[in-house]
Amino acid sequence: VVIIGFSENGQAKSKRLFEYPSIDEPPQEVDVERINWYLFDGPDVAPAKRNEAFIPGVPTLSQGSKPWDGGHLLISANDYADVAADPHAAKYLRQFLGASEMLKGVDRWCLWLVDANPADVKASPVLRARLKAVADNRLSSPTESTRELAKTPGLFSQIRQPGERYVAVPKVSSENRDYIPAAYFEPEVIAGDALLTIPGCPLWLFGLLQSQAFTAWVGAFSGRLKSDYQILPGLVYFSFPFPVLSDTDRRQLEESTQGVIDARAAHPDASLATLYDPLAMPANLRKAHRELDRVVDGLFGLKSPTEGDRLRALLARYAELSTADELAFKEAKPKRKARKPR
């Protein structure tokens, strides 16, 4: 960022911003009414951390399950055959996804022993050896709460596995991608704590998350891990200014979202990391995303916008929603009765 100059109280007559249509294109100078503290033309509004979305019908997003197992509940491709050969242990093998497994298509499994039959554990040399290793690892921790988990070595330390079909989003995604890849998975696929999950995610919501509007919002307001986007649920998901959809809006959004899913399916051997590499992204997928962006941008009153245009519209919508939310809170708050004079 290069800041050319300041003026007190925004009194400068000329305010100039330089926007880049893409990272490879030259900047375009734009005269603007104001430059806010995020260094773009928009209202002086700072999205605040929230625990739920502004509008009803938006499901929760939370971190996946955390093993804290010393690696003994997770099964690599090299160890899979040995574990699968044990008939008792094989019952509890599940596909496991971290961010790398999801994005790069890496094969990994875990032992998911929630509601496991104790007789299987007792009869399985593989399970007994691995659970003892988990217990020993947890007992070596300086943290009392972790040592306590040694009493249940067959369970992940934190269990948040959805019980229905869900969407997974990587907690950290490269800033070089035009979109933050997300995907649907069945509940039998175990999501690790490097992923964020949305149980029962409707198709329209999946489409909004796969739009450049959402990517712009995350890019502006998320945390960062090095230079990559770090998606914080309270700051960039629940605070996102979701539009209220009419039946027609929802139908168009779902149709264009399905177009993105179908375009991905045409390349079954390509990982998400490959599909969303800016240089390798297939033409049909790029076209499907352009159509999805056209629909999503239209929901915010935009046509062929720049990233700056999107952020201005999103912040204006956020300001509208947060103001209405604050007023509703004040109206719902019970008024204190005045005390009678003694």
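Would you be able to tell me the number of residues in the stretch 254-277 that are open to solvent by 40 Å² or more (accessible area, probe 1.4 Å) and of a type in the set (Ser, Thr, Tyr)?
Total satisfying the criteria: 1.
Would you pick out the residues in the stretch 200-221 that are assigned to a helix (DSSP H, G or I), in contact (Cβ under 8 Å) with a residue 60 or more places away in the chain and open to solvent by 30 Å² or more (accessible area, probe 1.4 Å)?
Across the stretch 200-221, the qualifying residues are Gln212, Ala220.
I'm trying to understand the selection: among the residues of the stretch 156-176, which are assigned to a loop (DSSP other than H, G, I, E, B), open to solvent by less than 40 Å² (accessible area, probe 1.4 Å) and touching a helix residue (DSSP H, G or I) at 6+ places or on another chain (Cβ under 7 Å)?
Ser157 - this is the single residue of the stretch 156-176 that is assigned to a loop (DSSP other than H, G, I, E, B), open to solvent by less than 40 Å² (accessible area, probe 1.4 Å) and touching a helix residue (DSSP H, G or I) at 6+ places or on another chain (Cβ under 7 Å).
Mind checking which residues of the stretch 58-71 are part of a loop (DSSP other than H, G, I, E, B), of a type outside the set (A, V, I, L, M, F, W, C) and either buried (at least 18 other Cβ atoms within 10 Å of the Cβ) or free of Cβ contacts under 8 Å to residues at least 24 places away in the same chain (or both)?
Hits for the stretch 58-71 are Gly64, Pro67, Asp69, Gly71.
Go through the residues of the stretch 45-59 one by one and say whether even a single one is in contact with a strand residue (DSSP E or B) (Cβ under 6 Å, 6 or more places away or on another chain) and under 26 Å from Asp325 (Cβ atoms).
Taking every residue of the stretch 45-59 in turn, at least one turns out to be in contact with a strand residue (DSSP E or B) (Cβ under 6 Å, 6 or more places away or on another chain) and under 26 Å from Asp325 (Cβ atoms).
Which ones in the stretch 104-126 are out of contact with any Phe, Trp or Tyr (no Cβ under 8 Å at 6 or more places or on another chain), closer than 20 Å to Val189 by Cα and touching a residue at least 40 places away in the same chain (Cβ under 8 Å)?
Answer for the stretch 104-126, where residues must be out of contact with any Phe, Trp or Tyr (no Cβ under 8 Å at 6 or more places or on another chain), closer than 20 Å to Val189 by Cα and touching a residue at least 40 places away in the same chain (Cβ under 8 Å): Lys104, Gly105, Val114.
Looking only at the stretch 291-331, count every residue that is at pLDDT below 90, open to solvent by 80 Å² or more (accessible area, probe 1.4 Å) and not charged (D, E, K, R) and tell me the total.
Residues in the stretch 291-331 being at pLDDT below 90, open to solvent by 80 Å² or more (accessible area, probe 1.4 Å) and not charged (D, E, K, R): 2 in total.
Taking only pairs six or more apart or across chains, which ones have beta-carbon atoms under 8 Å, a first residue in the stretch 74-99 that is free of Cβ contacts under 8 Å to residues at least 24 places away in the same chain, and a second residue that is open to solvent by 60 Å² or more (accessible area, probe 1.4 Å) and part of a helix (DSSP H, G or I)?
As it stands, the answer is Leu93/Tyr80, since those pairs meet every condition given.
For the stretch 135-155, what are the residues that are among the polar types (S, T, N, Q), surrounded by fewer than 18 Cβ atoms within 10 Å (Cβ to Cβ) and not in a loop (DSSP other than H, G, I, E, B)?
Ser145, Thr146
Take Tyr179 and tell me if it is closer than 27 Å to Arg250 by Cα and either among the β-branched types (Val, Ile, Thr) or not in a loop (DSSP other than H, G, I, E, B) (or both).
No; evaluated as a whole, the condition is false for this residue.
Count, please, the residues in the stretch 72-117 that happen to be of a type in the set (A, V, I, L, M, F, W, C), more than 23 Å from His267 (Cβ to Cβ) and assigned to a helix (DSSP H, G or I). Can you show your working first?
First, the residues of the stretch 72-117 that are of a type in the set (A, V, I, L, M, F, W, C): 73-75, 77, 81, 83-85, 89-90, 93, 96-97, 99, 102-103, 106, 109-114, 116.
Next, from what is left, pick out any that are more than 23 Å from His267 (Cβ to Cβ): 73-75, 81, 83-85, 89-90, 93, 96, 109-114, 116.
This time we only want the ones that are assigned to a helix (DSSP H, G or I), so: 81, 83-84, 89-90.
Total meeting the criteria: 5.
Name the helices (runs of 4 or more DSSP H) wholly within the stretch 222-335 that hold at least 1 residues that are in contact (Cβ under 8 Å) with a residue 40 or more places away in the chain and of a type in the set (Lys, Arg)?
Output list reads 247-265, 307-332.
What's the total number of residues in the stretch 224-253 that are open to solvent by less than 20 Å² (accessible area, probe 1.4 Å) and not β-branched (Val, Ile, Thr)?
9
The values are calculated or read from the model by the stated rules, or taken from the named source; none is laboratory data. Values in this document were obtained by computation on a predicted structure and should not be read as measured data. When we count neighbours, we look across all protein chains shown, and the Cβ atoms used for this are built from the backbone with ideal geometry, even at glycine. Side chains included, ligands, DNA and RNA excluded: accessible areas come from the protein's heavy atoms. Shrake-Rupley method; radii C 1.70, N 1.55, O 1.52, S 1.80 Å.
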